[in-house]
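Written out below as structure tokens is the structure these notes cover.
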Amino acid sequence: QVQLIELGGGLVQAGGSLRLGCVASGRTSSVMSMAWFRQAPGKEREFVAGISSLNGGSTGYRDSVKDRFTISRDTLKNTMYLQMDDLKPEDTATYYCAAAPGYTTSQSMGIIELYKFWGKGTQATVSS
């Protein structure tokens, strides 16, 4: 079993930054891919960014956050990060950390069914 706990979140003004963290515990050696998803009220949960152990850490982002968000992972600390810069009001959502037992690619990492472990989420709010 893998447990995930999100850190960070908060309230910032448009154009500001937030840094989210996700600490994994348990059988972390079985985790090959991790990702951030987000969900706004009344909307479906959507893929934000993902990172895979494949090729030393391949990453992918949804189009709306490209060049603004950066995903990274510290294997030694079993922690994943999401650096969010130039935040926009439409980024407001609950952000969830997710982990998968298999490798993902830029084409597959957005498939929510691949992720078997989830954190409880952390709120990020961007004001106008």
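The values are calculated or read from the model by the stated rules, or taken from the named source; none is laboratory data. Just so it is clear, the structure is predicted and the values come from calculations on it, not from any experiment. Ideal geometry is used to build each Cβ from the backbone, glycine not excepted, and the neighbour counts take in all protein chains shown. Just the protein is used for accessible areas: all its heavy atoms, side chains included, with ligands, DNA and RNA removed. Shrake-Rupley method; radii C 1.70, N 1.55, O 1.52, S 1.80 Å.
Could you list, in sequence order, all residues of the stretch 28-52 that are surrounded by fewer than 21 Cβ atoms within 10 Å (Cβ to Cβ) and not β-branched (Val, Ile, Thr)?
The initial filter retains those residues of the stretch 28-52 that are surrounded by fewer than 21 Cβ atoms within 10 Å (Cβ to Cβ), namely 28-30, 32, 39-47.
Once the filter is applied, which keeps residues that are surrounded by fewer than 21 Cβ atoms within 10 Å (Cβ to Cβ) and not β-branched (Val, Ile, Thr), the stretch 28-52 yields SER29, SER30, MET32, GLN39, ALA40, PRO41, GLY42, LYS43, GLU44, ARG45, GLU46, PHE47.
Of everything in the stretch 103-128 that's among the small types (Gly, Ala, Ser) and closer than 12 Å to ALA35 by Cα, which residue is least open to solvent (accessible area, probe 1.4 Å)?
Only one residue fits best here, namely GLY119.
In the list GLY16, GLY50, which residue meets the criterion of being out of contact with any Pro (no Cβ under 8 Å at 6 or more places or on another chain), in contact (Cβ under 8 Å) with a residue 12 or more places away in the chain, at negative phi and outside any strand (DSSP E or B)?
Working: GLY50 fails: outside any strand (DSSP E or B).
Matching residue, one of GLY16, GLY50: GLY16.
Give the stretch 60-75 a look and list any residue that's assigned to a strand (DSSP E or B), open to solvent by less than 60 Å² (accessible area, probe 1.4 Å) and not aromatic (Phe, Trp, Tyr), or say none.
Selection gives GLY60, ILE71, SER72, ASP74.
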